[in-house]
1. Please go through region A:114-134 and give me each residue that is touching a Leu at 6+ places or on another chain (Cβ under 7 Å) and part of a strand (DSSP E or B), ordered by number.
2. Being over 11 Å from the mean Cα position of the chain (by Cα) and in contact (Cβ under 8 Å) with a residue 40 or more places away in the chain is the filter here; which residues of region A:180-206 pass it?
3. Could you say which residue among B:9, B:4 is of a type in the set (Ser, Thr, Tyr) and under 10 Å from the mean Cα position of the chain (by Cα)?
4. Within region B:41-49, is even one residue at the interface with chain A (Cβ under 9 Å from one of its Cβ atoms) and closer than 24 Å to residue A:41 by Cα?
5. Inspect all residues belonging to region B:21-38 and state whether any of them is at pLDDT below 95 and either basic (Lys, Arg) or in a strand (DSSP E or B) (or both).
6. State whether the residues of region A:234-249 include one that is surrounded by fewer than 23 Cβ atoms within 10 Å (Cβ to Cβ), part of a helix (DSSP H, G or I) and either without any contact (Cβ under 8 Å) to a residue 60 or more places away in the chain or touching a strand residue (DSSP E or B) at 6+ places or on another chain (Cβ under 8 Å) (or both).
7. So is residue B:12 away from every other protein chain (no Cβ under 13 Å) and among the hydroxyl-bearing types (Ser, Thr, Tyr) or not?
8. Tell me, which residue of region A:11-65 that is among the small types (Gly, Ala, Ser) and touching a Ser or Thr at 6+ places or on another chain (Cβ under 7 Å) is farthest from residue A:227 (Cα to Cα)?
Amino acid sequence: MPVFYGTEVASPLMLGTAQYPSPAVLAEAFRRSGAGVATVSVRREAGGERAGQDFWRLIAGLGVRVLPNTAGCHSVREAITTARMARELFETDWIKLEVIGNTDTLQPDPFGLVEAARLLVAEGFKVFPYMTEDLVLADRLLQAGCEVLMPWGAPIGTGLGLLNPYGLRSLRAHFPDVPMVIDAGLGLPSQAAAAMEMGFDAVLLNTAVAKAGEPAAMAEGFAKALEAGRLARGAGPMPPRDMAAPSTPVMGKAFL
Amino acid sequence: MKITVNGETRETASKTLGALLLELGHGDARVATAVNEAFVPAAARDGLHLAAGDRVEIVTPRQGG
């Protein structure tokens, strides 16, 4: 199973906690997925409703590791303050670092991301940067002290899958020993299997499960796809070729 | 004095952030705080004196992806 910052997690599936039809559906999706990590966020508490406390009890009951995010942050300062609040709230130094640079695509701001990562690593955070598949950005984030990278498959919430397989393969090949998670954009289990076949260590998704007609069934589907992809990667896939090659021996064929 | 709490202007008699949290019913709740965009750890809340115009953020655990 994947190891992030020296900690082995129970599954290559990291699952978000937003947009489920109900807390019960969320809990069932986690149960059937076997996800080892739940992503969470910090938000304002609206006038005494105590929704945050109820949510905290729900998450604590899942028995998974939590990965707080800085979702919605558009500046380094905002992301750092959010990360500090999240560390205190969730009692973890893990942080999924989002510094958004474009509102329409939710594309990361690479410059702000590197700066925020550098500052947070200096404060002892274990940073999981939500990034594009850019090689140079990856290099800078590693220099900043990140030990895990989280390239997007596609923009958040789109379900478009792995939009740039070339870029993702290149990233995987350039940094073979860095744990990498495909974060965002997955819509189907087959896309998650493809990510694992490429050699990624895990995937992080939310909408594809939460917005499925049957979230728990979709969660289990993703879990099985990840296992299939992981097995295939480890088994050494055959090299593709352009020309056909008969799988049935030609020798001994009857003359008819 | 007038301060802003989670984006809403309100009047408070609380002199510290810790007192404000009690006033707002967050005394025993799992919350994190920031004042004027700077994180304030739980241990520093009672020592943080509020001033008119301060912008206070109080956040809790929530769903995220």
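The values are calculated or read from the model by the stated rules, or taken from the named source; none is laboratory data. Values in this document were obtained by computation on a predicted structure and should not be read as measured data. Please note: Cβ atoms are built from the backbone with ideal geometry, for glycine as well, and neighbour counts cover all protein chains shown.
1. Result: A:127, A:128, A:129, A:130, A:131.
2. Once the filter is applied, which keeps residues that are over 11 Å from the mean Cα position of the chain (by Cα) and in contact (Cβ under 8 Å) with a residue 40 or more places away in the chain, region A:180-206 yields A:196, A:197.
3. Details: B:9 fails: under 10 Å from the mean Cα position of the chain (by Cα).
So the residue among B:9, B:4 that is of a type in the set (Ser, Thr, Tyr) and under 10 Å from the mean Cα position of the chain (by Cα) is B:4.
4. yes
5. Checking region B:21-38: at least one residue is at pLDDT below 95 and either basic (Lys, Arg) or in a strand (DSSP E or B) (or both).
6. yes
7. Values: away from every other protein chain (no Cβ under 13 Å): yes; among the hydroxyl-bearing types (Ser, Thr, Tyr): yes.
Answer is yes for this residue.
8. The selected residue is A:52.
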